[in-house]
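The values are calculated or read from the model by the stated rules, or taken from the named source; none is laboratory data. Not measured: the values here are computed from a predicted model. Don't worry about glycine lacking a Cβ; one is built from the backbone with ideal geometry, like all the others, and counts go over all protein chains shown. Remember, those area values only see protein heavy atoms, side chains included, never the ligands or the DNA or RNA. Shrake-Rupley method; radii C 1.70, N 1.55, O 1.52, S 1.80 Å.
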Amino acid sequence: MIKKIEHLGIAVNSIEESLPMFETLFSSECYKEEIVESEGVRTAFIRVGESKIELLEATNEDSAIAKFLSKSRGGFHHVAFEVEDIDSELERLAKEGFQLIHKTPKNGADNKRIAFLHPKSTAGLLVELCQEKSETSETSEVK
Ligand code: ZN
């Protein structure tokens with residue numbers, strides 16, 4: 001089940017240059033910056049009411065964000081929905097015929113398990129599903 005819009009992903013050429021403007025725009029300060037090596041992105045998160053904005057900057061030329069920025073002026077990149085159970089949601093969407101970029105969830109920024117759907121099957125919209133990693137499940141994995 002989808003619970004809410006968790007965040008909107010915004011592609012920028014430089015977090016350093018654009019973050020102060022977004023902080024002023026939303027009157028809210030960045031609460032976390034994080035690099036996700038596997039995706040080639042640096043991220044910065046800003047709370048906006050009940051939702052969040054994720055700024056995305058490419059850390060290398062092969063990054064999906066670098067490719068996106070080479071074809072556009074940047075700006076809106078993806079919408080992330082928080083789901084209760086990402087594994088069962090991916091299974092449901094695969095059965096419904098959606099193309100999944102990630103067939104199984106991977107580790108994303110901001111303590112989340114994430115997976116993207118292919119925009120080919122979502123009318124061009126890049127959709128991310130995410131689920132907060134629970135401390136209890138991480139603890140049980142350690143044991
Ligand atoms: Zn995201």
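A few points about this structure:
- When 18, 27, 14 are checked against the criterion of being open to solvent by 90 Å² or more (accessible area, probe 1.4 Å), of a type in the set (Ser, Thr, Tyr) and modelled with pLDDT of 95 or more, 27 stands alone in meeting it.
- Residue in segment 88-99 that is within 13 Å of the ligand (Cβ to nearest atom) and under 20 Å from residue 132 (Cβ atoms) present: no
- Hits in segment 71-98 - residues which are part of a loop (DSSP other than H, G, I, E, B) and open to solvent by 50 Å² or more (accessible area, probe 1.4 Å): 73, 84, 85, 96, 97, 98
- Scan of segment 100-135 for residues that are within 13 Å of the ligand (Cβ to nearest atom), among the hydrophobic types (A, V, I, L, M, F, W, C) and either within 18 Å of residue 37 (Cβ to Cβ) or in a strand (DSSP E or B) (or both), ordered by number: 101, 109, 114, 115, 116, 117, 127, 129, 130
- Single residue of segment 20-32 satisfying the filter (within 16 Å of the ligand (Cβ to nearest atom) and hydrophobic (A, V, I, L, M, F, W, C)) that is farthest from residue 44 (Cα to Cα): 22
- The residues on offer are 54, 34, and the sole one that is in contact (Cβ under 8 Å) with a residue 40 or more places away in the chain, open to solvent by less than 50 Å² (accessible area, probe 1.4 Å), out of contact with any Lys or Arg (no Cβ under 7 Å at 6 or more places or on another chain) and not aromatic (Phe, Trp, Tyr) is 54.
- Any hit, segment 104-119, residues being closer than 23 Å to residue 65 by Cβ and free of Cβ contacts under 8 Å to residues at least 12 places away in the same chain: yes
- Criterion violated by residue 64 - all others in (1) of a type in the set (A, V, I, L, M, F, W, C); (2) open to solvent by 20 Å² or more (accessible area, probe 1.4 Å); (3) at pLDDT 95 or above satisfied: (3)
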